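Trainee: Please read through the structure below; I'll follow up with questions.
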Amino acid sequence: MLRKFKSLKKTARTDFFTYLGVVVAFIVMFALQQAGALSSSVSSWLVPICCFIVMAVSLNLTVGILGELSLGHAGFMSVGAFSGVIAAMSLSEAIPFAPLRLALAILVGALFAALTGVVVGVPVLRLRGDYLAIVTLAFGQIIKDLINCLLVGYDSNGLHIIFNLSKLTIEDLHMDETGIAIIKGAQGATGIEKLATFPAGFILVMLTLVIVLNMVRSRTGRAVMAIRDNRIAAESVGINITKYKLIAFITSAALAGAAGALYGLNYGSLVSSRFDFNTSILVLVYVVLGGLGNIWGSIVAATVLYVLPEALREFQDYRMLAYAVVLILVMLATNNDRLKALLGRLLPRRKEEKDRG
Amino acid sequence: MTFFLSCLISGISLGSVYAIIALGYTMVYGIAKMLNFAHGDVIMVGGYVCYCALNYLGLPSLVSVLLAMAACTALGILIEGLAYKPLRQAGSLAVLITAIGVSYFLQNAAQLIWGATPKTFTSVVHIELPQTLTNVGVSSEALVTVLVCVVIMVGLTLFINKSKLGKAMRACSEDKGAAQLMGINVNRTISVTFAIGSALAAVAGVLLCSSFPILQPTTGSMPGIKAFTAAVFGGIGSIPGAFLGGILLGIIESLAKGYISTDLANAIVFAVLIVVLLVRPAGLLGKYVPEKV
Amino acid sequence: MKKLRLLSLAVAMMLSVCMLAGCSNSAQTSEAFKLGGIGPLTGDAAIYGNAAMNGAQIAVDEINAKGGIQFEFNPQDDVNVAETAVNAYNSLKDWGMQILVGTVTTTPCISVSAEAYADRIFALTPSASSSDVTAGKDNMFQMCFTDPNQGLSSADYMAENLAGKTVAIIYRNDDAYSQGIRDAFAAEAEVKGIEIVYEGTFTADTQTDFSVQVAAAQNAGAEIVYLPIYYTPASVILTQANAINYKPIFFGVDGMDGILTAEGFDASLAEDVMLLTPFSATLEDETNQNFVAEYQKRHNEVPNQFAADGYDCIYAIYNALTAAECTPDMSAEEICDKLIATFTSSDFSFTGLTGNDMTWSADGSIAKAPMAFIIKDGQYVLP
């Protein structure tokens, strides 16, 4: 058994440990939560951490594996969150069973985000480098502004949707008395039933890992990485660049949408300005700190960096300042040769690692 | 007609502020090949320094502006030396994240120093315009902003093309290794670029706050993003491109606000950017560099 | 290298967790009520959160100095984001919060009030004014007007005193406060036959430049410009309107309060501005002046209406706790039930900085009369 495990490829072993780590972390946290040993703040972090892990892993697919800098990942999260909330709220009569409704909402969120991914991806992926970055940034902003103009309500006649440019209000949807307002323009969605649970978050993380890891280790993944490493060489051996770029980009968007739906159903209110440029950047920070292309790195970085500002609450006013300093210092410590050498001497094991890698 | 004119004029004035910021972005990008997200926050610091000089020290306008420029130049060199220089060999994403860290740092430090309450900036421009001009919506601030922007643009173009340092900058932006072999001090050139970019940011900050008189720790972030967009729009790395991109962006934004929808003005600006980039992938005046195989 | 990066992250994490653990077991006194406060203390809404929390802190210090009921007040930051607000709420719950003062802004408040409802913790928000905040939650109360109430009063006031004039509205459509007032105003304007000739919007991203909106209002020939927004963007609108010689009647709501004391703002531009507000730092009332003086001493700026709301929240809770004879050793749930009963009882009324004899209805909203002021020579005067 052990020998068989050792004979596995290094990537397979890494993947195995990634899964194992997530499962163990889940079991420990879930057991602690059930035993009532977690403080309420720690238990309230669990679902958003799951969401941001999925966000970071999916963005890693675009930035790390595909090698294209995207600054609009939160836009897909936003699409997923709002479509998921609409689905969950309008199905509350039809499907009383909450977990099923949550699953459907996540699916709807992923679907709509994937559609947006197609709309964005087809034109955008022709661009390269910083131009692609700025266009994804622009799309994030556009999605935010468009959602600000949406009025959505649900009554016994079904969904009512208006794209509001002429200062209408929710009254103009003319719903009957069973009607509930779901999205009220820029004021966002209110009165959302809290469906998201930690086990649901865990399942979503596992699903994401299965999708992303299998994809990366498959023919598709190798093609995508070939494009990243050398586009021209990849093209010359007959890899269909557009196709593989789109596959990676759309998968990434769909996963972000699923994370968004879970996120949206975890809080009583939701506004589109939550998913602005800063959120995209935040997720990018998780990916870069975790290591480009390194999936378990993204998971760890997302968890740690989510907890960090919360844990720094004791600093009061200096909280975000401390966060910024930590961010800069970590980047400097890990990327500067002199500092690395200094730390390397303190950690002799690292050399061994390097020899193997 | 007057309404169109006033939209156009406010667009040009907004656009020239974007243009000055975009010039700083473009210079730094051209040489250091990094997206300096902290640039917007240097603008904010410039605004605050000028505000303090005007209101607390009671200095005259011109001295305050110079003081803000000096402070931002020092800040720019400091940031570059502490946060970016150690990462010269690292990947561009590492530098990007560090820049974001610096941006968070500046915003939060500003909040601790100056408080979260917005300050109303007193304009540094004291020119009385004739009634005929103000009636169509021309403010003295707008006029000065446009003039300053043109002067800076011309000055920078001359500097880059004629001076020895400018030549060094161009060499560094083409190929750092070769430039070093030619005896150019690459590190110093990059520091100087940051210094110039930050001084421009101070000017932009003062003019931004003179036209739109709200000064708070987040003042710089949205204009920063817009100016970055403008720089890409005009072709990043190109100085006339940044100027053109900034002015066009301002005009589009104003006209969209006036004639289409105030809700969607930002979305329209970004949509135009996307369309332009799809047609001209290197921006309006950007040089298209064919890939070597 | 990747390993090193993660290691440094882990070290940062350990450090912060240690600090958390080190601080969490501080001061377990049972003689004081534990009041939690939540509001945006950083980020672009920080001005409102800081004002409300600073105002509340002054009230807490005054009450503690009196002897009798003692408060321990713990203000937390939510950056105006629902998620962070819920995290802040939970961290306060771990601290042992018995009563919540907050949250300051609307969207986070809706999320937090759902949590507080589930946990049965009494909550009084200084300034989250949307009716969604209190809807369906019996333990959530507001210190400020509801948005519809303000829009309605503004339209009624205009119909009565400024009849026949055309109106332009400039409002912030990504803000529940501004949008809520505007919606109620527009509906009531239609009933009263007020003609709205132009509506311009802006968002958090575009709140520094209004030249186009102001020019459009002028172009549409509006005689009144209604500004259901906070004073910061309003000060820009006044400046830019002045720059193009446009001089309509500007009409603001409670968010306009503070404009005269905005640092660096040329107060003469606000001459003849009308506004409906429950609080004014310039009123010659003794409690008012004491509060303003104390606030200025501590924070070196004139308090706005948010600070007054925060201050009033603490005193309202103080009065209700006294009336209900609560003691600090009670559980949050017991306090919650008693306070709900007290706040909604017909003989409980509260007089503070933002109104006299204010009462609360069972749905959590407050009944108080807005006062219309007009600015003359840098002072609020009754028209």
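The values are calculated or read from the model by the stated rules, or taken from the named source; none is laboratory data. Nothing here was measured: the structure is a model prediction, and the numbers come from that model. Note that we place each Cβ from the backbone using ideal geometry, even for glycine, and neighbour counts take in every protein chain shown.
Trainee: Out of segment C:90-108, which residues are free of Cβ contacts under 8 Å to residues at least 60 places away in the same chain and facing chain A (nearest Cβ under 8 Å)? Can you show your working first?
Mentor: Initial filter on segment C:90-108 (free of Cβ contacts under 8 Å to residues at least 60 places away in the same chain): C:90-93.
Selection gives C:N90, C:S91, C:K93.
Listed here are the residues, each with its yes/no results for (1) small (G, A, S); (2) outside the structural domain of C:I110 (by TED's automatic domain parsing); (3) in a helix (DSSP H, G or I); (4) touching a helix residue (DSSP H, G or I) at 6+ places or on another chain (Cβ under 8 Å).
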| site | (1), (2), (3), (4) |
| --- | --- |
| C:A135 | yes, no, no, no |
| C:D138 | no, no, no, yes |
| C:G151 | yes, yes, yes, yes |
| C:S154 | yes, yes, yes, yes |
| C:A159 | yes, yes, yes, yes |
| C:K165 | no, yes, no, yes |
| C:I170 | no, yes, no, yes |
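Trainee: For segment B:262-293, how many residues are within 7 Å of another protein chain (Cβ to nearest Cβ), part of a helix (DSSP H, G or I) and within 23 Å of the chain's Cα centre (by Cα)?
Mentor: Here the count works out to 8.
Trainee: I've got another one for you. Going residue by residue through segment B:76-93, is there one that turns out to be away from chain C (no Cβ under 14 Å), under 18 Å from B:G205 (Cβ atoms) and surrounded by fewer than 22 Cβ atoms within 10 Å (Cβ to Cβ)?
Mentor: Yes; the residues of segment B:76-93 include at least one that is away from chain C (no Cβ under 14 Å), under 18 Å from B:G205 (Cβ atoms) and surrounded by fewer than 22 Cβ atoms within 10 Å (Cβ to Cβ).
Trainee: Next question. Scan segment C:252-261 and tell me whether some residue there is of a type in the set (G, A, S) and within 14 Å of chain B (Cβ to nearest Cβ).
Mentor: yes
Trainee: Take the residues of segment B:225-261 that are surrounded by fewer than 23 Cβ atoms within 10 Å (Cβ to Cβ) and among the polar types (S, T, N, Q): which is farthest from the other protein chains (Cβ to nearest Cβ)?
Mentor: Of everything passing the filter in segment B:225-261, B:S238 is farthest from the other protein chains (Cβ to nearest Cβ).
Trainee: I'd like to check something: does segment C:269-283 contain any residue that is touching a helix residue (DSSP H, G or I) at 6+ places or on another chain (Cβ under 7 Å) and assigned to a helix (DSSP H, G or I)?
Mentor: Yes, because at least one residue in segment C:269-283 is touching a helix residue (DSSP H, G or I) at 6+ places or on another chain (Cβ under 7 Å) and assigned to a helix (DSSP H, G or I).
Trainee: Spot the failing condition for A:I95; the list is (1) in a loop (DSSP other than H, G, I, E, B); (2) within 14 Å of chain C (Cβ to nearest Cβ), and only one is missed.
Mentor: (2) is the only condition that A:I95 fails.
Trainee: Still on this structure, I have one more. For A:A186, work out the one condition from (1) more than 17 Å from C:D175 (Cα to Cα); (2) modelled with pLDDT under 80; (3) surrounded by 17 or more Cβ atoms within 10 Å (Cβ to Cβ) it doesn't fulfil.
Mentor: So the condition that A:A186 fails would be (1).
Trainee: Hey, can you tell me all the residues within segment A:116-134 that are free of Cβ contacts under 8 Å to residues at least 12 places away in the same chain and hydrophobic (A, V, I, L, M, F, W, C)?
Mentor: A:V119, A:L127
Trainee: Let me ask another. Go through segment C:47-103 and give me each residue that's in a helix (DSSP H, G or I), among the aliphatic types (A, V, I, L, M) and over 21 Å from A:T279 (Cβ atoms).
Mentor: Once the filter is applied, which keeps residues that are in a helix (DSSP H, G or I), among the aliphatic types (A, V, I, L, M) and over 21 Å from A:T279 (Cβ atoms), segment C:47-103 yields C:I47, C:A51, C:A52, C:M53, C:A56, C:I58, C:A59, C:V60, C:I63, C:A65, C:L92.
One line per residue, one yes/no per condition, for (1) within 11 Å of another protein chain (Cβ to nearest Cβ); (2) in contact (Cβ under 8 Å) with a residue 40 or more places away in the chain:
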position: C:G55; (1), (2): no, yes
position: C:N64; (1), (2): no, no
position: C:I69; (1), (2): no, yes
position: C:N74; (1), (2): yes, yes
position: C:V79; (1), (2): yes, no
position: C:E83; (1), (2): yes, no
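Trainee: If the Cβ limit is 9 Å and pairs must be 6+ apart or interchain, which residue in segment B:100-128 that is at the interface with another protein chain (Cβ under 10 Å from one of its Cβ atoms) pairs with which residue that is of a type in the set (K, R)?
Mentor: The qualifying pairs are B:N108/A:R319.
Trainee: Where residues in segment C:318-357 are touching a strand residue (DSSP E or B) at 6+ places or on another chain (Cβ under 7 Å) and free of Cβ contacts under 8 Å to residues at least 24 places away in the same chain, which of them is nearest to C:A118 (Cα to Cα)?
Mentor: Across segment C:318-357, the extreme among qualifying residues is C:T344.
Conditions tested, residue by residue: (1) touching a His at 6+ places or on another chain (Cβ under 7 Å); (2) assigned to a helix (DSSP H, G or I); (3) outside the structural domain of C:V133 (by TED's automatic domain parsing); (4) farther than 23 Å from C:F71 by Cβ.
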residue: C:K297; (1), (2), (3), (4): no, yes, no, no
residue: C:I317; (1), (2), (3), (4): no, yes, no, no
residue: C:M330; (1), (2), (3), (4): no, no, no, no
residue: C:E333; (1), (2), (3), (4): no, yes, no, no
residue: C:I340; (1), (2), (3), (4): no, yes, no, no
residue: C:D347; (1), (2), (3), (4): no, no, no, yes
residue: C:A372; (1), (2), (3), (4): no, no, yes, yes
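Trainee: Give segment A:129-149 a look and list any residue that's within 14 Å of A:G185 (Cα to Cα) and under 17 Å from the mean Cα position of the chain (by Cα), or say none. Please lay out each step first, then the result.
Mentor: Initially, segment A:129-149 is screened for residues within 14 Å of A:G185 (Cα to Cα), giving A:143-149.
Scanning segment A:129-149 gives A:I143, A:K144.
Trainee: Restricting attention to helices (runs of 4 or more DSSP H) lying wholly within segment A:230-315, give those where 1 or more residues are at the interface with chain C (Cβ under 9 Å from one of its Cβ atoms) and farther than 30 Å from A:R101 by Cα.
Mentor: Fully inside segment A:230-315 and qualifying: A:277-290, A:295-311.
Trainee: Scanning for something within 14 Å of chain C (Cβ to nearest Cβ) and free of Cβ contacts under 8 Å to residues at least 60 places away in the same chain, does segment A:54-71 turn up at least one residue?
Mentor: Residues of segment A:54-71 within 14 Å of chain C (Cβ to nearest Cβ): A:55-56, A:60, A:64.
From what's left, free of Cβ contacts under 8 Å to residues at least 60 places away in the same chain: none.
Within segment A:54-71 (the criterion being within 14 Å of chain C (Cβ to nearest Cβ) and free of Cβ contacts under 8 Å to residues at least 60 places away in the same chain), the answer is no, since none of the residues qualifies.
Trainee: Could you grab me the full set of residues in segment A:119-163 that are away from chain B (no Cβ under 13 Å), surrounded by fewer than 22 Cβ atoms within 10 Å (Cβ to Cβ) and in contact with a Phe, Trp or Tyr (Cβ under 9 Å, 6 or more places away or on another chain)? So that I can check it myself, show each step before the final result.
Mentor: Kept after step one, since they are away from chain B (no Cβ under 13 Å), are these residues of segment A:119-163: A:152-162.
Within this subset, residues satisfying the condition of being surrounded by fewer than 22 Cβ atoms within 10 Å (Cβ to Cβ) are A:155-162.
A:H160 - this is the single residue of segment A:119-163 that is away from chain B (no Cβ under 13 Å), surrounded by fewer than 22 Cβ atoms within 10 Å (Cβ to Cβ) and in contact with a Phe, Trp or Tyr (Cβ under 9 Å, 6 or more places away or on another chain).
Trainee: Can you tell me how many residues in segment C:100-119 are over 18 Å from the mean Cα position of the chain (by Cα), over 19 Å from A:V271 (Cα atoms) and of a type outside the set (G, A, S)?
Mentor: Here the count works out to 2.
Trainee: Quick one: in segment B:104-123, which of the residues that are surrounded by 21 or more Cβ atoms within 10 Å (Cβ to Cβ) and of a type outside the set (S, T, N, Q) is nearest to the chain's Cα centre (by Cα)?
Mentor: Top of the filtered list is B:L106.
Trainee: Moving to a separate point now. Given the conditions (1) in contact (Cβ under 8 Å) with a residue 40 or more places away in the chain; (2) surrounded by fewer than 17 Cβ atoms within 10 Å (Cβ to Cβ), report the number of the one that B:E174 does not fulfil.
Mentor: Unmet for B:E174, out of (1) in contact (Cβ under 8 Å) with a residue 40 or more places away in the chain; (2) surrounded by fewer than 17 Cβ atoms within 10 Å (Cβ to Cβ): (1).
Trainee: Any idea which residue in segment A:9-38 is modelled with the highest pLDDT, counting only those that are of a type in the set (S, T, Y) and surrounded by fewer than 16 Cβ atoms within 10 Å (Cβ to Cβ)?
Mentor: Among them, the one singled out is A:Y19.
Trainee: Against the conditions (1) exposed (fewer than 15 other Cβ atoms within 10 Å of the Cβ); (2) closer than 25 Å to C:I47 by Cα, where does C:F306 fall short? Just the number, please.
Mentor: (1)
Trainee: Considering only segment B:1-28, state which residues are part of a helix (DSSP H, G or I) and farther than 25 Å from B:V65 by Cα.
Mentor: B:T2, B:F3, B:F4, B:L5, B:S6, B:C7, B:L8
Trainee: Can you tell me which residue in segment B:141-170 is surrounded by the fewest Cβ atoms within 10 Å (Cβ to Cβ), limited to those that are within 30 Å of B:P130 (Cβ to Cβ) and under 14 Å from the mean Cα position of the chain (by Cα)?
Mentor: From segment B:141-170, those within 30 Å of B:P130 (Cβ to Cβ) are B:141-155; that's our starting set.
Checking which are under 14 Å from the mean Cα position of the chain (by Cα) leaves us with B:145-146, B:148-150, B:152-153.
On the way: B:T145: 27, B:V146: 20, B:V148: 20, B:C149: 26, B:V150: 13, B:I152: 21, B:M153: 20.
Selected residue: B:V150.
Trainee: Mind telling me which of the residues C:T261, C:T277, C:T239 ends up being at pLDDT below 80 and surrounded by 17 or more Cβ atoms within 10 Å (Cβ to Cβ)?
Mentor: Unique residue meeting the criteria: C:T261.
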